[in-house]
Amino acid sequence: MDAYTWFRRSVSKLKRTSLPSIAAATTATATANASKSSENKLDQQEEDKFYGITEQLIELVKSFSLDTFRNFVLPDEEESGCDVGNSGNVQMDLSDWQETHAMLVLSRVKELAQLRFRLCPRYLKEKQFWRIYFTLVRSFVVEYELHAVRVARLKQIRSGSETASNSSACEVEMSEAKTISSLDSATSME
C-alpha cells in the first residue's frame, strides 16, 4: 500500500467517525441557541412591557412625520415649570425610565430613529425632540411610567431609604395623587 492510499483511507475513517459527533454537537449547539433565543425573547417582551413599548405605541410612533414635530408648539420652558438643562443631553433631560424607553423605542421603531436623525439638531434640539415625543405619547406610556415609579418607590422603602432620588418620579406620583383625590371628591359629591 502506497502512502497516498493509506492517507486517503485514514481521512475517510476520520470522516466516518467524526461526522456523527460533529452532527450531534451541531444539533446540541442549535438547541442551546434556540433556548437562549426564546429566553432572550421573553426577557425582551418583559422589558418592552415594563417600558410601555406596545403594538399600539409602535403604530402611533410610525405615524409621526417631520411636520408632526415641526408644527408642534412647545410651551416656554419657564412657563412649563420643567427644570430642563440647556445641555441638550438626553441623559440629563429625561428620567431614567424615559431614557430607557427612548433607547428601546429608537431600536424597535426605525422610522423614529430616522426622523430624529433628520430633525436633530437642524430643526430641533435633542431635548425639544424628546419633550414633543413624550407629550405626543403621554396617554400611551403614563401608566407604565407610573408603574415604574411605584416599583422604584417600593424598592426604596424596602431598602430603608425614604428619600426620593428622582424628582420627576415624585412629580408623577403627586399628579397621580391629585387625580385620585379629585376623582374621590367628585364621587363623594354625587
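The values are calculated or read from the model by the stated rules, or taken from the named source; none is laboratory data. This structure is a prediction, so every number in the text was calculated from the model and none was measured. Glycine also receives a Cβ, built like all others from the backbone with ideal geometry; neighbour counts cover every protein chain displayed.
Within the bounds of region 94-114, is there any residue that is surrounded by 13 or more Cβ atoms within 10 Å (Cβ to Cβ), touching a Lys or Arg at 6+ places or on another chain (Cβ under 9 Å), over 28 Å from residue 152 (Cβ atoms) and at pLDDT 90 or above? Within region 94-114, one or more residues are surrounded by 13 or more Cβ atoms within 10 Å (Cβ to Cβ), touching a Lys or Arg at 6+ places or on another chain (Cβ under 9 Å), over 28 Å from residue 152 (Cβ atoms) and at pLDDT 90 or above. Taken as a whole, the structure places residue 144 among residues that are at pLDDT 90 or above, in a helix (DSSP H, G or I) and among the hydroxyl-bearing types (Ser, Thr, Tyr). Within region 34-76, the set of residues being part of a helix (DSSP H, G or I), among the acidic types (Asp, Glu) and free of Cβ contacts under 8 Å to residues at least 60 places away in the same chain comprises 39, 43, 46, 47, 55, 59, 67.
With respect to (1) modelled with pLDDT of 90 or more; (2) in a helix (DSSP H, G or I), the lone exception for residue 124 is condition (2). Picking from residues in region 49-73 that are surrounded by 14 or more Cβ atoms within 10 Å (Cβ to Cβ) and of a type in the set (A, V, I, L, M), the one that is nearest to residue 99 (Cα to Cα) is 53.
When we screen 138, 150 for residues that are among the basic types (Lys, Arg) and under 12 Å from residue 52 (Cα atoms), the only hit is 138.
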